[in-house]
Amino acid sequence: DSGVTQTPKHLITATGQRVTLRCSPRSGDLSVYWYQQSLDQGLQFLIQYYNGEERAKGNILERFSAQQFPDLHSELNLSSLELGDSALYFCASSAIGQGPRGYTFGSGTRLTVV
Amino acid sequence: GNSVTQMEGPVTLSEEAFLTINCTYTATGYPSLFWYVQYPGEGLQLLLKATKADDKGSNKGFEATYRKETTSFHLEKGSVQVSDSAVYFCALSSGGYNKLIFGAGTRLAVHP
């Protein structure tokens, strides 16, 4: 157990639907990062939150949004889903001052859009 | 912008063979460099890191040296095992907020 918990592990949904992926960071970590891993695009950075505030944005579609709550867990919302959104979605967390050296990844949520 | 390029896989080796996975990067400033490993069905785990030029990161028999002059961070292991079969990702971090940028990943398959 890495300490970062992602739920659900698997999700199958239809095109046009909306889903929410959840991430609980490792205890004490204030930063949360979301990544998308697909076969043709590799591992793409989506967005980062630090202590509830958005800090960096990557290749995140307008149909996607995220937030980090006061208890530091984060949710990634994906709407108007398309077949191409099928991928593994990873969350990672890190503590103050550790930066990437302290990145801990969750086991991911596998999203299948049918 | 910043980017990481890895050799394409899959890389298929016999047990006890020597492993090299090439990684080069493009970045402004002085990035930190990382290798992550992803075993089947799992998330990414940090394998090793180097934070400045000429640093050598090492872990579990794997090594990589930060070469600023060639902008490279090649991963090596002298004798691979079947249990090393996984996908290996080279990554860099530069600038604020410590965002990691990954290479495409290289799949390694080691056969007995």
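The values are calculated or read from the model by the stated rules, or taken from the named source; none is laboratory data. These numbers were taken from a predicted model, which means no experiment stands behind them. Note that we place each Cβ from the backbone using ideal geometry, even for glycine, and neighbour counts take in every protein chain shown. Surface accessibility is based on the protein's heavy atoms, side chains included, excluding ligands, DNA and RNA. Shrake-Rupley method; radii C 1.70, N 1.55, O 1.52, S 1.80 Å.
Taking the stated definitions as given, is residue A:61 surrounded by 15 or more Cβ atoms within 10 Å (Cβ to Cβ) and either hydrophobic (A, V, I, L, M, F, W, C) or assigned to a loop (DSSP other than H, G, I, E, B) (or both)?
Numbers: surrounded by 15 or more Cβ atoms within 10 Å (Cβ to Cβ): no; either hydrophobic (A, V, I, L, M, F, W, C) or assigned to a loop (DSSP other than H, G, I, E, B) (or both): yes.
No.
Among the residues of the range B:1-31, what is the count of those that are closer than 18 Å to residue B:63 by Cα and small (Gly, Ala, Ser)?
Adding up the residues that qualify gives 1.
Identify the single condition in (1) touching a residue at least 24 places away in the same chain (Cβ under 8 Å); (2) under 14 Å from the mean Cα position of the chain (by Cα); (3) farther than 21 Å from residue B:92 by Cβ that residue A:81 does not satisfy, given that it satisfies every other one.
Result: residue A:81 fails condition (2) only.
Cβ-Cβ distance below 6 Å, separation of 6 or more or different chains: which pairs start in the range A:55-69 with a residue that is within 11 Å of another protein chain (Cβ to nearest Cβ) and end on one that is part of a loop (DSSP other than H, G, I, E, B) and open to solvent by less than 80 Å² (accessible area, probe 1.4 Å)?
Listed by first residue and then by second, the contacts come to A:56/B:99.
Does the range A:19-40 hold any residues that are open to solvent by 20 Å² or more (accessible area, probe 1.4 Å) and either under 17 Å from residue A:68 (Cα atoms) or in contact with a Leu (Cβ under 7 Å, 6 or more places away or on another chain) (or both), and which are they?
A:20, A:22, A:24, A:25, A:26, A:27, A:28, A:30, A:36, A:37
Checking the condition in contact with a Cys (Cβ under 7 Å, 6 or more places away or on another chain) and either part of a strand (DSSP E or B) or modelled with pLDDT of 95 or more (or both), which residue from B:4, B:87 passes?
Details: B:87 fails: in contact with a Cys (Cβ under 7 Å, 6 or more places away or on another chain).
Every option except B:4 fails the conditions.
Among (1) modelled with pLDDT of 95 or more; (2) under 19 Å from residue A:12 (Cα atoms); (3) in a strand (DSSP E or B); (4) open to solvent by 10 Å² or more (accessible area, probe 1.4 Å), where does residue A:89 come up short?
In the conditions (1) modelled with pLDDT of 95 or more; (2) under 19 Å from residue A:12 (Cα atoms); (3) in a strand (DSSP E or B); (4) open to solvent by 10 Å² or more (accessible area, probe 1.4 Å), residue A:89 misses (4) alone.
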